[in-house]
Amino acid sequence: GIGVGVALAVVAAALQSVRDLGASLFPERPGRAGATVTLSSPTALVWRLSGGALAGWAVGGALTGVLATTLSGAVRQITGQNPAVGQILEKIARAGSLNEEVITVFFTMLGILAACAAVQTVVHARQEEAHGTAEPVLASAVGRVRWLAGYLSVATWAVLVVVGAAVAAGCLALAAADGEAELYRVVVVTALGQAVAASVFTVVAGLVFVLVPRATIGVAWALIVVATMLGMFGPLFGLPEWATDLSPFTQTPVVAQGDTDLRGLWWLRGAVGGGGAAALALMRRRELATGG
């Protein structure tokens with residue numbers, strides 16, 4: 001052991017004698033002449049920063065889709081033994097058959113997951129700003145509006161990816177179980193409605209970021225909690241209908257016995273379009289804020 005140590009020390013001393021200070025024994029390879037695709041634009045950079053978290057949210061969405069389309073049998077058995085469970089599902093889902101109620105409840109949870117994915121993306125803009133890492137990007141030819149638009153667009157795609165994973169997994173589960181053809185429509189309609197509801201939180205988080213940047217993280221996440229409490233648990237707590245209707249998750253289309261009410265969807269679409277345009281317009285006037 002001592003001999004090996006001495007030999008290694010001699011070799012290290014010999015190598016040190018021929019190495020330049022601060023350099024290695026082997027020549028360094030030159031860096032890339034141009035940026036990779038993941039750094040080719042501000043939006044691509046946001047994708048690179050958010051990709052790992054988005055993959056996790058997508059897995060959660062896929063699991064939700066599978067549960068929504070495979071648990072009807074178990075829920076039917078439970079409700080047979082405890083009718084109160086069926087009453088709870090009916091209050092939350094406001095749908096028709098038991099299968100439709102189960103899908104509606106689970107896809108409401110999906111909307112919450114998608115909203116969380118979107119808010120996490122927008123909140124990252126505030127973190128980049130507060131930590132000073134946004135300054136090098138904005139010091140280039142990238143303007144404030146384009147920079148924020150990158151986060152809002154990736155957040156919108158995050159919603160679509162999470163919801164799309166749920167729809168794909170849910171439909172595959174239905175196909176494997178030879179589910180009713182009507183349930184495919186229930187899955188797609190309910191999922192698209194929850195995607196629009198989740199997008200409301202994208203633009204609201206963007207507006208908070210523009211107007212009161214220091215409150216972005218707290219307010220954005222608090223709004224999801226409040227909307228979840230009103231939409232999921234408001235009916236159970238006996239809250240008035242006007243209070244539960246304040247949650248975007250309760251304004252989405254619900255398929256009941258083949259009928260679909262789309263009235264709430266138009267309000268949600270208007271809120272998303274108007275809120276997004278307002279956030280980008282107001283961003284033109286906001287100065288970059290640094291610090292916590």
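The values are calculated or read from the model by the stated rules, or taken from the named source; none is laboratory data. These figures come from a predicted structure and were not determined experimentally. Note that each Cβ is placed from the backbone with ideal geometry, even for glycine, and that neighbours are counted across all protein chains shown. Accessible surface is based on the protein model in full, side chains and every heavy atom, while ligands, DNA and RNA are left aside. Shrake-Rupley method; radii C 1.70, N 1.55, O 1.52, S 1.80 Å.
Say each of Val6 and Ala55 gets a label point 7 Å from the Cα, pointing the same way as Cα to Cβ; how far apart are those two points in nm?
Simple spin-label model gives 5.1 nm for this pair.
Give me a comma-separated list of calculated 3J(HN,Hα) values for the range 130-140, in order, Karplus coefficients 6.51, -1.76, 1.60 applied at θ = phi - 60°, integers in Hz, x for any Gly or Pro.
5, 7, x, 7, 7, 4, x, 5, 6, 6, 8
Express the carbon and sulfur contribution to the solvent-accessible surface of the range 163-292 as a percent, rounded to the nearest whole number, probe 1.4 angstrom.
68 percent
Go through the range 195-292 and name the trypsin sites (Lys or Arg not before Pro) that are in a DSSP coil and have 11 or fewer other Cβ atoms within 10 Å of their Cβ. Working shown, then result.
Details: sites: Arg214, Arg263, Arg269, Arg284, Arg285, Arg286; in loops: Arg284, Arg285, Arg286.
Answer by residue number: Arg284, Arg285.
Explain nothing, just compute: Karplus ³J(HN,Hα) = 6.51 cos²θ - 1.76 cosθ + 1.60, θ = phi - 60°, for every residue of the range 120-127 in order, whole Hz, x for Gly and Pro.
Using θ = phi - 60°, the values come out as 4, 5, 5, 4, 4, 4, 5, 5 Hz.
Taking 0.36 nm per intervening residue step and subtracting the Cα-Cα distance, what contour gain separates Ala13 from Leu246 on full extension? Let's see the in-between values first.
Numbers: separation 233, 0.36 × 233 = 83.88 nm, distance 7.32 nm.
Taking 0.36 nm per residue and subtracting the Cα distance, the gain is 76.6 nm.
Cβ neighbours within 10 Å, averaged per peptide: list 130-143, 104-117 in order, most packed at the top. Don't skip to the end; give the middle numbers.
On the way: 130-143: 12.7, 104-117: 26.4.
Descending packing order for the listed peptides: 104-117, 130-143.
How far is it, in nm, from the label point at Leu63 to the one at Leu138 when both lie 7 Å from their Cα along the line to the Cβ?
The answer from the label model is 3.7 nm.
If a paramagnetic tag sat 7 Å from the Cα of Ala44 along the Cα-Cβ line, which residues of the range 117-143 would have the backbone N under 12 Å from that point?
No residue qualifies, since no backbone N sits under 12 Å from the label point.
What does a probe at His131 reach in the range 146-161, counting residues whose amide N is under 20 Å from the point 7 Å along Cα→Cβ?
Inside the label zone: 147-155.
Quote the accessible area belonging to Leu280 in square angstrom, nearest 10, computed with a 1.4 Å probe and with ligands, DNA and RNA left uncounted.
Here the residue's solvent-accessible area equals roughly 50 Å².
For a protection proxy built on the mean count of beta-carbon atoms within 10 angstrom, sort 144-151, 173-180, 185-192 highest first, please. Before the final figure, lay out the partial values.
Working: 144-151: 20.0, 173-180: 14.2, 185-192: 22.1.
For the peptides 144-151, 173-180, 185-192, the packing ranking is 185-192, 144-151, 173-180.
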